[in-house]
Ligand SMILES: Cc1ncc(COP(=O)(O)O)c(C=O)c1O
């Protein structure tokens, strides 16, 4: 049997590589902080649990390949409430955020193309790009300056003729950084200048660890919270504003599972 070059070229997920070390350390009674997958310490929504308990269909049949239309329309309404209007044909339900990201990368990249990310970044981005025979180009950021983005000239040095997209995680994993309006302005300007796409990984949008729930906001609620001085929310608003401005070149991936805290039962959207 011949194994494909693609499979042979894949590197093991760094997350899996570290698991045995983390397990061994835990056995020795050490506290391990996982900086890999985002596993919130917020309880799963009782509504979600209730829906699972009340699921009473006799056959679990195949769904619509684009996704359940009720869910698609609910997502459309959600974006409408932010004055961001998508047609239902442009919303796809996926098996978690990873599939949405893979779809975005496959749609944008031919073999040898590049996706620009800011380091440290969610480790699986490398594997997603490799699957598409593309590669990740990482621009370093550092703990010393709070993982802020470098200036535009520095970022532009990493853009080549093969760069197809900037993949931005906001809020970031593992850094937790929330980008400022100026940083988002700069990313929007770069994306326009080089005619590339922005893949916006928003899996951690609308988390509120202060009150331990997800926000699931409409625009007016968010505006009120912003007035009340909630920094995180301000950043999310900025993100949306920029999506609107550069909407035609934006692929958004978002996870409802993250918002309702049932990470083991993910639904993504692209
Ligand atoms: C930044 C980021 N993007 C995407 C994902 C996708 O996750 P999943 O495929 O499990 O929905 C994760 C999961 O931890 C993540 O941290």
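FYI, it's all coordinate maths here, none of it is from the lab. Only a predicted model underlies this, so the values are computations on that prediction, with no experimental measurement involved. Cβ sites come from the backbone with ideal geometry, for glycine too, and all protein chains shown count toward neighbours.
Some observations on this one:
- Mean-position separation - Cα centroids, the range 85-133 and the range 53-77, in angstrom: 23 Å
- Computed extension gain for residue 23 through residue 55, at 0.36 nm per residue and net of the alpha carbon distance, reaches 8.0 nm.
- Ordering of 137-144, 61-68, 97-104 by packing is 97-104, 137-144, 61-68, highest average first (other Cβ atoms within 10 Å, averaged per residue).
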